[in-house]
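Working notes, beginning with the structure itself.
The values are calculated or read from the model by the stated rules, or taken from the named source; none is laboratory data. Just so we're clear, the structure is a prediction, and the values are computed from it rather than from any experiment. Because the Cβ atoms are built from the backbone with ideal geometry, glycine has one as well, and the counts that use them run over all protein chains shown. Side chains included, ligands, DNA and RNA excluded: accessible areas come from the protein's heavy atoms. Shrake-Rupley method; radii C 1.70, N 1.55, O 1.52, S 1.80 Å.
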Amino acid sequence: MRYTTAADGVRIAYAVAGSGRPLVRVPGTPFSHCQLEWMDSAFFDGLVRGRTVIPFDPRGTGLSDRNVADHSLDAHVLDIEAVADALGLERFALHAIASSGPAAIVYSVRHPDRVTHLILDDTFVRGEDFTRSPQTRALTEMSEDWEAMTEQLAFMSFGVGREEARRYGAFFRACVERDEARRIMAALAVIDVSDLLPEVRVPTLIMEHRGVLHGASASARTLAAQIPGARLTMLTGGASDDMDRLLDALAEFLGDGQARAPVPATPPAAPVGGLRTILFTDVQEHTAIMQRLGDAAGRDVLREQEQITRAVFRQHGGVEVKAMGDGFMATFGSVIAAVQCAIELQRAFDRRNASSGEPVLVRVGLNAGEPIAEDGDFFGSTVIMAARIAGEASGGEILASLAVRELCAGKGLAFSERGRVLLRGFEDAVQVYEVSWRESP
């Protein structure tokens, strides 16, 4: 388990498992404890195959901060943002379960360039859809006997015997305290994201499990009808009964994006450990280019950008860590090589733009440090800062951290101060430098 802090100061517990493209999993509230759930479920063994799975406990539940005052929809969106930002995830799939669905919908509408796929698993549109079931009504009218109430809820939800009900009841009580559950349920009851559904612009899979706590067929059909291009999968039994079908549906849906992603032939293995320089690239106004040119022509422009970038990486010994739709993350053993690579990238696109009617402006961010290396990927504050610095650049610019500037001292590279900037996820302002790349006439 790891921790990050949401923008309003609430600490959020999350975990990382597996390797591959990232899938952020948002459990439903109020009963979330991703550590206990993972330890006792074969489902996660299947889910983690071929991908990096990142589950977290929403505020007030599991190992995240308890006794939280704000359980509004916007507050739960902050939880998603905190986890994605903590890992420096620029592109990821988002899997929302039950009551977390509305927050995932809001996040996807606000950040369509970051969400590759949206999975709405037995979720709802309006709070009244959620409060319709007898189980949910029981939660909103909680008795003072929290132990008896949680065991009764387990029996109503899963139809288990007395011993199993006790076990599930103990799990429910580990997830959340009674008063916190009341606050969460009261906030969920007034949610309505109906107006946002037509604005969802990412590939969406809707799954409904009949016979579980939050199942509502009418809500699933509403989601499928109003989210453009959404798929609907109906599972007839409980979630555990349909585990194989669920995993197959997820693999097929997420596999679509994986199959389309260009993969370079014989990519070099990413080195691990020690001082590394992290480089991020990002195409400025990528969405506007796609909207203006259409999918086919826009994809041609993006493919050309990918070819240029990968060729320059190879020339300078850069290792591509991952592609993120309209940009890349790469790592270098030499800070000088990384800066020279960034300079050549901008020069290559400058030459390309001189003879093209559709210019491509790329921003580049650089940082150096000792990131966490896991399964060919890199994590931690070094990576996050590099991504944030890239976000501060304009198209055609290279921005670098103080660490990069100091490691390049005396090497004949030109840096100019851009001042101190506040980067999302960092408490103190960071000194940023612009790297000059234009050749003298």
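Okay, here's what the table says:
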item: Loop-resident sites, the stretch 375-441, for trypsin sites (Lys or Arg not before Pro), counting at most 14 other Cβ within 10 Å (DSSP); result: LYS411, ARG424, ARG438
item: Förster radius 51 Å - calculated FRET efficiency between ALA148 and GLU406, Cβ distance, rounded to 0.05; result: 0.20
item: Listed peptides 163-174, 286-297 by packing density, highest first (mean Cβ within 10 Å); result: 163-174, 286-297
item: Per residue accessible area in Å² of the chain, where ligands, DNA and RNA are left out and the probe is 1.4 Å; result: 43
item: Nonlocal amide H pairs with ARG21, under 5 Å, H built at 1.01 Å; result: THR52
item: Mean projected area (nm²) of the alpha-carbon convex hull when the stretch 313-441 is viewed from all directions; result: 8.8
item: Vicinal HN-Hα couplings computed from phi for the stretch 345-358 (Karplus, 6.51 cos²θ - 1.76 cosθ + 1.60; Hz; Gly/Pro x); result: 4, 5, 5, 5, 6, 5, 5, 5, 5, 5, 10, 10, x, 10
item: Approximate spin-label separation ALA297-ALA174, in nm, with each point projected 7 Å along Cα-to-Cβ; result: 5.8
item: Prolate/oblate/rounded label for the stretch 69-130 (Cα gyration tensor, a/c 1.5); result: oblate
item: Packing-based order for 243-251, 98-106, using average beta carbon neighbours within 10 Å, highest first; result: 98-106, 243-251
item: Mean Cβ neighbour count within 10 Å, used as a protection proxy, ranking 52-65, 220-233 highest first; result: 52-65, 220-233
item: Extension reserve of the GLU358-GLU370 stretch, reckoned as 0.36 nm per residue once the Cα distance is removed; result: 0.5 nm
item: Antiparallel content of DSSP bridges confined to the chain, in %, to 5; result: 60
item: For the chain, convex hull volume per residue from C-alpha positions, Å³; result: 138
item: Rounded to whole Hz, the Karplus (6.51, -1.76, 1.60) HN-Hα couplings of the stretch 69-79, x for glycine and proline; result: 6, 9, 10, 5, 4, 4, 5, 6, 5, 4, 4
item: Derived scalar couplings ³J(HN,Hα) [the stretch 169-174; Karplus, 6.51 cos²θ - 1.76 cosθ + 1.60; whole Hz; x for Gly, Pro]; result: x, 5, 4, 4, 5, 6
item: Stokes-Einstein translational diffusion, the stretch 27-107 - Kirkwood Rh over all Cα pairs, 1.002 mPa s, 20 °C, in µm²/s; result: 160
item: Formal net charge of residues neighbouring SER381 (Cβ-Cβ distance under 13 Å; K, R +1; D, E -1); result: 0
item: Candidates ALA429, ALA393, ALA93, ranked by Gaussian network fluctuation over the chain, Cα under 10 Å, top entry; result: ALA429
item: Under-5 Å amide H pairs with GLU374, H placed in peptide plane, nonlocal only; result: PHE379
item: Most to least accessible of TRP38, TRP437 (protein chains only, probe 1.4 Å); result: TRP38, TRP437
